[in-house]
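All remarks here apply to the structure that follows.
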Amino acid sequence: MRILLIAVLAALAGALPSAGAPSKVGTFQYLVEADPRECPSPRCGGYWVALANHSRTTCNDGALRRRCYVALAVDSARRELEAGIPAGAIVRGHLESRRFGPLGELGVLVVGDIRAPAGREPSGLFFRVRDLGIRCVRAPCFSLRAGRLNTTYRVTLSGLDLQPARLSERDQDRAEAALTTANGLFVSGQVARTAGGGRTLRASRVYLRVAMPRG
């Protein structure tokens, strides 16, 4: 029993980013918000990050918290992204530590790519959706695959409803185009059964890839 418990704990630990992150950018997806507190930088004024679809995030010091403070965001070459990250963005990356003189070590977000939000406030869970290229002669046609971010959960869909997000025409076109790319379209929403045995993801918000800001 003890051996089994140790194995389970090790597996759970491996499912979350660790403080000793690798040199390359990780594959974890974080929700990022600017830190609005007013105190001297870098203790304040950075970002709050939380692992999408998880109630706790492993911070740079190894502690599990609801969200983690990072003093700054950097690219894979560890150059600061001085242009900033859009509020509410989903960012692929991992957390590292950096020493800030007498303040000691603070968290740093190493960024791989950024997806800015479009649409209404997020609700439900966070997914990546891809078009499988399947075309059917009758419904329901399960031509899409959705995966919950930062989990192994996958489900096939017969539809993706973007109407709840109330996107602009431009963002609607970009969202539909993203479905056919290798990285797919990131959305927040809920999966619901439909008449005839179908399964649709109703999206409240989409996340569209943006160019990496440079310092």
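Rule-based calculations on the coordinates, nothing more; no lab input. From a predicted model like this one, the values you see are computed outputs, not experimental measurements. For neighbour counting, all protein chains shown are included, and Cβ atoms are generated from backbone atoms with ideal geometry for every residue, glycine included.
Whole-Hz Karplus values for the stretch 160-166 come out as 10, 9, 8, 4, x, 6, 6 Hz, taken residue by residue from phi with 6.51 cos²θ - 1.76 cosθ + 1.60 and θ = phi - 60°; glycine and proline positions read x. Available extension along the chain between Arg56 and Arg135 is 24.5 nm, counting 0.36 nm per residue and deducting the alpha carbon span.
What does the convex hull of the alpha-carbon atoms of the chain project to on average, in nm²?
Numbers: hull surface 60.4 nm².
That works out to 15.1 nm², a quarter of the Cα hull's surface.
Arranged from fewest to most other beta-carbon atoms within 10 Å of their beta carbon, Tyr153, Tyr207 become Tyr153, Tyr207. Counting Cα-Cα pairs of the stretch 125-210 in 5 Å increments starting at 0 gives whole-percent bin shares of 3, 15, 27, 26, 19, 8, 1, 0. Stretching Phe100 away from Arg154 to a fully extended chain increases their span by 15.4 nm, per 0.36 nm per residue minus the current alpha-carbon distance.
From the helices alone, meaning DSSP H stretches of at least four residues, give me the mean residue ellipticity at 222 nm for the chain, per-run term -39500 (n - 2.57), in deg cm²/dmol to the nearest 500. Calculated from helices alone, the mean residue ellipticity at 222 nm is -3500 deg cm²/dmol. Report ³J(HN,Hα) in whole Hz for each residue of the stretch 29-37, in order, from the Karplus equation J = 6.51 cos²θ - 1.76 cosθ + 1.60 where θ = phi - 60°; Gly and Pro get x. After applying 6.51 cos²θ - 1.76 cosθ + 1.60, I find 10, 10, 8, 10, 10, 5, 7, x, 5 Hz.
For the pair Ala34 and Ala177, label points projected 7 Å from Cα toward Cβ lie 2.7 nm apart.
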